[in-house]
1. Going by alpha carbons, how many degrees (0 to 90, nearest 10) lie between the helix axis of 474-486 and the longest principal axis of the chain?
2. What dipole magnitude, in Debye to the nearest 20, does the chain give about its Cα centre under +1 on Lys/Arg Cβ and -1 on Asp/Glu Cβ?
3. With each run of n ≥ 4 DSSP H residues scored as -39500 (n - 2.57), what mean residue ellipticity at 222 nm is computed for the chain after dividing by its residue count and rounding to the nearest 500 deg cm²/dmol?
4. Quote the convex hull volume per residue of segment 111-228, based on C-alpha atoms, as a whole number of Å³.
5. Taking amide H positions as placed 1.01 Å from N in the peptide plane, with prolines and chain starts having none, which residues 5 or more places from Leu48, or on another chain, fall under 5 Å of its amide H?
6. Rg to Rh for segment 349-497: what is it, with Cα atoms only and Rh by Kirkwood?
7. Would you mind giving the three semi-axes, in whole Å and largest first, of the ellipsoid equivalent to segment 46-89 according to its Cα gyration tensor?
8. Against the longest alpha carbon principal axis of the chain, how many degrees, from 0 to 90 and to the nearest 10, is the axis of helix 362-376 turned?
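Each value in this text was obtained by applying a stated rule to the coordinates, not by laboratory testing. Fair warning: this is a prediction, and the values are worked out from it, not measured in the lab. Cβ placement follows ideal geometry from the backbone for every residue including glycine, while neighbour counts extend to all protein chains displayed.
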Amino acid sequence: MSYRVHPSERIQHRMDKAAFLRMLGEYLKPDSLLSDLEDLRPFECDGLSAYRTLPWIVALPETIEQAQAVLKLCHQFGVPVVARGAGTGLSGGALPVDNGVLLTMAKFNRILHLDPINRVARVQPGVRNAAVSESAAAYGLYYAPDPSSQIACTIGGNIAENAGGLHCLKYGLTVHNVLGLKILTVDGELIELGGSGLDSPGYDLLALITGSEGLFAVIVEATLRLLPVPETARVLLAAFASVEQAGLAVAEIIGAGLLPAGLEMMDNLIIRAAEAFVHAGYPVDAEAIVLCEMDGMTEQVATDLVKAQEIFVRMGAFEVRLAKNEAERKKFWAGRKAAFTAVGRISPDYYCMDGTIPRRRLAEVLQRIAELSADYGIGVANVFHAGDGNLHPLILYDANQPGQLDKAEELGGKILELCVAVGGTVTGEHGVGMEKINQMCIQFTSAELAQFHAVKSAFDPKGLLNPGKAVPTLHRCAEFGAMHVHQGVLPHADLERF
């Protein structure tokens, strides 16, 4: 469906398209400027394909100077700009605006320098996530953040969304693995942030840009931290007769002081879909499985695996299996990484949610999601980074059935509001984008949102960068709050927050 920004977030300009294309053409080659309908169609959405908007113009610069020229012209004439990487994002963060330029960084796809001595890689934003580790492997190094889409997603998009991955529990999110950035401001000024030291004077703008969803600047280069490949990595598969048992076992693993490299959980629907697709060797009779990987020095890994296995058995696992070899370990993880794709084979459409909760509330929240699924008559498959409480419920629906998408979106909103209610957040790694912007009104007070807008204004006074994303206007929140009161979701007193 076509999606437009809220009227209070829309930027108006009166620039003639043909005239603006001529101006851009002074800096970019003809094949780097797209404006015909058939050329624009591939860019109308990101991974959240339910939302679609055709961009006004698509620009594909090849150099920093060309990107600067695009930004300077857009700033001069008040034209909105949305930066885009591979378009694998799942929150509508790269959704174009119909009166703006989509600045696609796909041609910035080179690894500029790999330094094995200092364990860093300097890359352009269009480099694929997996390509960094592939290049570093010859030196026994790798790049830790590993989102499921890592074979396609790009570093620039990872930084914009502060992506995580299956091993973020131990090795952190993107923000913990980026050492430096080169960015372009909205008016085309080139700025360098961060450095090779552990700390630097001044504000930590590097962390501020990471996860800012393209609202503050356009990334043109990144310096990434590389890590040595662990001496040993072993993974346990624990099968449970109930989702609640598995959730409690995850909390017990962390509570025991263990720090797995990865701690993932899948429910029966995901297990069956992934097994049919990948043949990973999953027990399809389990209501839930937990994958627990330990890595590091061989002796420590062995000790930690024994402790983890004892916890799984004590918490009710009817089967605990240690991957026999590296090939089986990779199979276990291949099934998890293919979970989203596998579900696409059993449902005409699905809506991938992303929220984070305290680990101790895991079993409770999963039970409530099951109840909401029954209330709405829509299936929900659950797969998530259990170790850090990052849920990924997949809401199954059929877009060909009238009203099903709306129902799926409403159910998704309820799940996000549940996450907030138990002390969590509306996103863990997918970002807010367009998808969760209304639930931001529940997560934050009007005073907090006002501070977010103040920071945005410091970087982008005209609000030209990625308008209508990530941070809602107070006007939108007032309307959203009023709607919830009308539906009996919020008490009238809570309107004061908006």
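1. Between helix and principal axis, roughly 50 degrees.
2. 460
3. Details: 17 runs with 172 residues, N = 498.
Theoretical 222 nm ellipticity from helices: -10000 deg cm²/dmol.
4. Output value, Cα hull per residue: 99 Å³.
5. Placed amide hydrogens put Ser91, Gly92 under 5 Å from Leu48.
6. On the way: Rg = 16.0 Å, Rh = 16.3 Å.
Here the Rg-to-Rh quotient is 0.98.
7. In descending order the semi-axes read 23, 14, 7 Å.
8. Roughly 70 degrees, rounded to the nearest 10.
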